[in-house]
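A short write-up of the structure that comes next.
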Amino acid sequence: MKTTDPTVQYEVVKKIGQGGFAKVFEVRRKSDGTTCALKFVEPKNEKERKIIINEVGLMYMCNDNNLMLRVHEAYNYKERLWIFCELMDDALTAYV
């Protein structure tokens, strides 16, 4: 997980949702214009932060064409976790 400022690499296009633990934004990578989703998480405590970092690490290590959701990058920056992942056209609940 990177610790540099992610706003150098990405710009927010619009907010697209808010779940139980994260706000979700559509963002654009500045270098090539690629769009993806940003899950912006503010853990309540250090234990929750470690659990989320471990989950993101597992998802990143398992990136595969068969995965439902692909993680591109993740940042641990300024007390927040910034998780950049595939921007889907449908809600995940459509596949359950």
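The values are calculated or read from the model by the stated rules, or taken from the named source; none is laboratory data. Please read all numbers here as calculations on a predicted model, not as lab measurements. Here the Cβ positions follow ideal geometry from the backbone for every residue, glycine too, while neighbour counts run over all protein chains shown.
So that you can scan it fast, the table gives a plain yes or no per residue for (1) in contact with a helix residue (DSSP H, G or I) (Cβ under 9 Å, 6 or more places away or on another chain); (2) of a type outside the set (A, V, I, L, M, F, W, C); (3) without any contact (Cβ under 8 Å) to a residue 24 or more places away in the chain; (4) under 16 Å from LEU87 (Cβ atoms):
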{"position": "TYR10", "(1), (2), (3), (4)": "no, yes, no, yes"}
{"position": "GLU26", "(1), (2), (3), (4)": "no, yes, no, yes"}
{"position": "LEU38", "(1), (2), (3), (4)": "yes, no, no, yes"}
{"position": "ILE51", "(1), (2), (3), (4)": "no, no, yes, no"}
Fill in: Matching entry among GLU46, GLU55, GLU79 (being under 14 Å from the mean Cα position of the chain (by Cα) and either acidic (Asp, Glu) or at pLDDT below 65 (or both))
GLU55
Worksheet item: From the set of residues in the range 17-35 that are in a strand (DSSP E or B) and modelled with pLDDT of 90 or more, which is surrounded by the fewest Cβ atoms within 10 Å (Cβ to Cβ)?
Response: THR35
Fill in: Of all residues in the range 6-21 being among the β-branched types (Val, Ile, Thr) and under 11 Å from THR35 (Cα atoms), the one that is farthest from the chain's Cα centre (by Cα)
VAL13
